[in-house]
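K.L.:
I am attaching a structure below and will ask some questions about it afterwards.
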Amino acid sequence: MRIKNWDLREFPDVVEVSADIDDFRLWYRLPRQYSVSKAGDPFLAAALLPAMAKGESLEVEPGLTVSPMLVKNLALLQEIHHSWNPALKLISISAETAPAKPVNEGSFSFFSGGLDGMFTFIKRRSEISHVVSIHGFDFFDDRDAFRTAVERRAAFAAGFGKTLIPVETNFYPFGYHHNLSRILTQGSTLAGVALLLGFPRAFIPSSYHYARLVPYGSHPLTDPLYSNESMKIIHDGAEARRIDKLTRVVECEAALDALTVCLEDMNVNCGRCCKCVRTMTSLELLGLRPASFPWPLSFKAIKRMDWSHELILIEQNIELAVRRNNKKIERVLRACLRRYERLRLLKDADRVFLGGIVKKAFRIFSKGAPTARRIDVVPPKE
C-alpha cells in the first residue's frame, strides 16, 4: 500500500489536505486560520489498519516525511492490534523520516456533545484552549446538520472561553472501502486529525472504564501510540464509569442542556435509540428531566431496548436505582438483565452442545445468504 500525491489546497473559507492511499483519495478540511502539518503523519495513521488488513507493506512516497517516533510507536501498535485480531497482519513501513515540528499552539479535546466528550471537556476545561468536532466518521452525508451542530457546539464552547474547530473528512467511506468497521478505525480517525492539527496535546475521551476495558478502536493502550515528537495524544476519562460521568456532567447546567447522545441525529436526542434510552434512564434515576431529551421516559422503551451489549450499563443503572430507591425502574432493569442472562445461556448451550447450528440456521432464515463481515477489533465469535 502506497501513500502518494500529498496536496494542500486553499479555498475561501477552508484549507483541504489530501493524499492518495492506493486508489482512494483521503481528505481533511478545516478553517483557513489554522496551520496544518505538511508531513505524512496523518495519512500514515489512517493507512496503517487498511494495510494490516491486506497484509501489505506500507510505503510513503519520497519527499513526504513522517515522524520517526510515530513509525516506532506504530510497530508496538501493530503488535497490540494483531494480538486482538490475527486477521490484522504485522507489516513493514518504508518512509523518509524527520522529527515532527509544532504546528498550532494550545491543546484541545475531541467533542461531539456526547457524554464522554462532555465529561472530558468539564474535567479538562482549565487545560484546553479548543475543542474539535469531526464530520465524516459517525455521520457523513448531512452537511447542513453538521453546520447546525457546529453552531450549537461553538456557542457552548464559547461560553467557557474555548474555540471550536470544525473538521470535515471522508474517512467514513475510506474505512468502508477497505472493509473495516468504524469501531476498529475510531482511534486512527481521531489520531489522523490530531496529527494534522499538530497541537502539543490532544485529549481523546474514553469509552470504557479501566475496570471494564475490552479491545476497542480507541483504547488507553493504543491511542497514545499515535503521538509524535511535537504532539501528545492522551486517552482521557477511563477512571470514571458512565454513570459517574453523567453524575459529574449534571452538576453543570450548561453541559446538561447541551448534552446530545443520539445515534440518529447529531442535533436532537430522539429518545428512542439505545444511547438516548440508556441516558434518559440514568437521568430519570437522578431525578432530572432536561429539556434536551423528550420526556417522559417510557418503561416500554427500556424493555424493548437491546441491552445485550449494554450489560455493564444495566448493572450501573440497577445500582443507581437501589441507591435512589426507585423500585419501578429497578424491577424493569432486573427483568432486562434476566432476559439477557437467559439468552446468553441459550447461546452457550447451542455453541457447546449443538455446535452453533441454531445460530447458523437463524442467520440463514432471517437474513438470507451471509454477507462479508467488516474486519473488527476482535474476530467474530462463531
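K.L.:
Taking the conditions exactly as written (without any contact (Cβ under 8 Å) to a residue 12 or more places away in the chain, surrounded by fewer than 16 Cβ atoms within 10 Å (Cβ to Cβ), under 22 Å from Thr120 (Cβ atoms) and not β-branched (Val, Ile, Thr)), does Glu253 satisfy them or not?
P.N.:
Details: without any contact (Cβ under 8 Å) to a residue 12 or more places away in the chain: yes; surrounded by fewer than 16 Cβ atoms within 10 Å (Cβ to Cβ): yes; under 22 Å from Thr120 (Cβ atoms): yes; not β-branched (Val, Ile, Thr): yes.
Spelling it out, Glu253 is indeed without any contact (Cβ under 8 Å) to a residue 12 or more places away in the chain, surrounded by fewer than 16 Cβ atoms within 10 Å (Cβ to Cβ), under 22 Å from Thr120 (Cβ atoms) and not β-branched (Val, Ile, Thr).
K.L.:
Let me ask you something else. What are the residues in segment 158-174 that are touching a residue at least 12 places away in the same chain (Cβ under 8 Å) and farther than 15 Å from Tyr34 by Cβ, if any? Break it down stepwise before answering.
P.N.:
Taking segment 158-174 and keeping what is touching a residue at least 12 places away in the same chain (Cβ under 8 Å), we get 159-160, 162-174.
Hits for segment 158-174 are Gly159, Phe160, Asn170, Phe171, Tyr172, Pro173, Phe174.
K.L.:
Now a separate question. Inspect segment 81-104 for any residue being modelled with pLDDT under 95, more than 18 Å from His235 (Cα to Cα) and among the aromatic types (Phe, Trp, Tyr) and give the result as yes or no.
P.N.:
Of segment 81-104, the ones modelled with pLDDT under 95 are 101-102.
Within this subset, residues satisfying the condition of being more than 18 Å from His235 (Cα to Cα) are 101-102.
Narrowing further to those that are among the aromatic types (Phe, Trp, Tyr): none.
Within segment 81-104, not a single residue is modelled with pLDDT under 95, more than 18 Å from His235 (Cα to Cα) and among the aromatic types (Phe, Trp, Tyr).
K.L.:
Is it the case that segment 78-95 has a residue that's over 19 Å from His178 (Cα atoms), under 23 Å from the mean Cα position of the chain (by Cα) and not hydroxyl-bearing (Ser, Thr, Tyr)? I'd like the intermediate steps shown before the answer.
P.N.:
Taking segment 78-95 as the starting set, the residues that turn out to be over 19 Å from His178 (Cα atoms) are 79-80, 83, 94-95.
Then keep just the ones that are under 23 Å from the mean Cα position of the chain (by Cα); that gives 79-80, 83.
Cutting the leftovers down to not hydroxyl-bearing (Ser, Thr, Tyr) gives us 79-80.
Checked against the condition, which is being over 19 Å from His178 (Cα atoms), under 23 Å from the mean Cα position of the chain (by Cα) and not hydroxyl-bearing (Ser, Thr, Tyr), segment 78-95 yields at least one hit.
K.L.:
What is the number of the single condition among (1) among the acidic types (Asp, Glu); (2) within 21 Å of His135 (Cα to Cα); (3) free of Cβ contacts under 8 Å to residues at least 24 places away in the same chain that Asp41 does not meet?
P.N.:
Single failed check for Asp41: (3).
Yes/no matrix, rows are residues, columns are (1) of a type in the set (Phe, Trp, Tyr); (2) closer than 19 Å to Pro31 by Cα:
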{"residue": "His135", "(1), (2)": "no, yes"}
{"residue": "Phe160", "(1), (2)": "yes, no"}
{"residue": "Thr169", "(1), (2)": "no, yes"}
{"residue": "Tyr172", "(1), (2)": "yes, no"}
{"residue": "Gly175", "(1), (2)": "no, no"}
{"residue": "Arg182", "(1), (2)": "no, no"}
{"residue": "Gly192", "(1), (2)": "no, yes"}
{"residue": "Ala202", "(1), (2)": "no, yes"}
{"residue": "Tyr208", "(1), (2)": "yes, no"}
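K.L.:
Look at segment 205-222 and say how many of its residues are farther than 26 Å from Leu44 by Cβ and crowded, with 21+ Cβ neighbours inside 10 Å.
P.N.:
Residues flagged as farther than 26 Å from Leu44 by Cβ and crowded, with 21+ Cβ neighbours inside 10 Å within segment 205-222 amount to 0.
K.L.:
Of all residues in segment 243-259, which are in contact with a Ser or Thr (Cβ under 8 Å, 6 or more places away or on another chain) and in a helix (DSSP H, G or I)? Give the derivation first.
P.N.:
If we filter segment 243-259 for residues that are in contact with a Ser or Thr (Cβ under 8 Å, 6 or more places away or on another chain), which is where we start, we get 243, 246, 256-259.
Passing the criteria: Ile243, Leu246, Leu256, Asp257, Ala258.
K.L.:
Out of all the residues in segment 68-82, is one or more crowded, with 18+ Cβ neighbours inside 10 Å and part of a loop (DSSP other than H, G, I, E, B)?
P.N.:
No, segment 68-82 contains no residue that is crowded, with 18+ Cβ neighbours inside 10 Å and part of a loop (DSSP other than H, G, I, E, B).
K.L.:
State whether one or more residues within segment 223-241 are assigned by TED's automatic domain parsing to the domain that holds His209, surrounded by 16 or more Cβ atoms within 10 Å (Cβ to Cβ), part of a helix (DSSP H, G or I) and aliphatic (A, V, I, L, M).
P.N.:
Yes, segment 223-241 contains a residue that is assigned by TED's automatic domain parsing to the domain that holds His209, surrounded by 16 or more Cβ atoms within 10 Å (Cβ to Cβ), part of a helix (DSSP H, G or I) and aliphatic (A, V, I, L, M).
K.L.:
Return the total of residues in segment 95-137 being part of a loop (DSSP other than H, G, I, E, B) and either in contact with a Leu (Cβ under 8 Å, 6 or more places away or on another chain) or polar (S, T, N, Q) (or both). Before the answer, list the steps.
P.N.:
Step one: list which residues in segment 95-137 are part of a loop (DSSP other than H, G, I, E, B), which gives 95-96, 98-106, 111-114, 125-129, 136-137.
Cutting the leftovers down to either in contact with a Leu (Cβ under 8 Å, 6 or more places away or on another chain) or polar (S, T, N, Q) (or both) gives us 95-96, 100, 103-104, 111-114, 126, 129.
So the count comes out to 11.
K.L.:
Also: Can you report the number of residues in segment 270-310 which are closer than 15 Å to Asp257 by Cα and basic (Lys, Arg)?
P.N.:
1
K.L.:
I've got another one for you. Pairs needed: first member in segment 314-343, within 14 Å of Glu284 (Cα to Cα) and at pLDDT 90 or above; second member anywhere, among the acidic types (Asp, Glu) and surrounded by 13 or more Cβ atoms within 10 Å (Cβ to Cβ); C-beta distance under 7 Å; at least 6 residues apart or different chains.
P.N.:
That search, which allows pairs on different chains as well, returns Ile318/Glu330; Ala321/Glu330; Val322/Glu330; Ile329/Glu284.
K.L.:
Suppose we filter segment 344-382 for residues that are part of a loop (DSSP other than H, G, I, E, B) and modelled with pLDDT of 85 or more; how many remain? Spell out the reasoning first.
P.N.:
Start the filter on segment 344-382 by keeping residues that are part of a loop (DSSP other than H, G, I, E, B), which leaves 354-356, 368-374, 376-382.
With modelled with pLDDT of 85 or more added as a condition, the list becomes 374, 376-379.
Residues meeting the conditions: 5.
The values are calculated or read from the model by the stated rules, or taken from the named source; none is laboratory data. All figures in this text were calculated on a predicted structure; none of them were measured in a lab. Every residue, glycine as well, gets a Cβ built from its backbone with ideal geometry; the counts of neighbours run over all protein chains shown.
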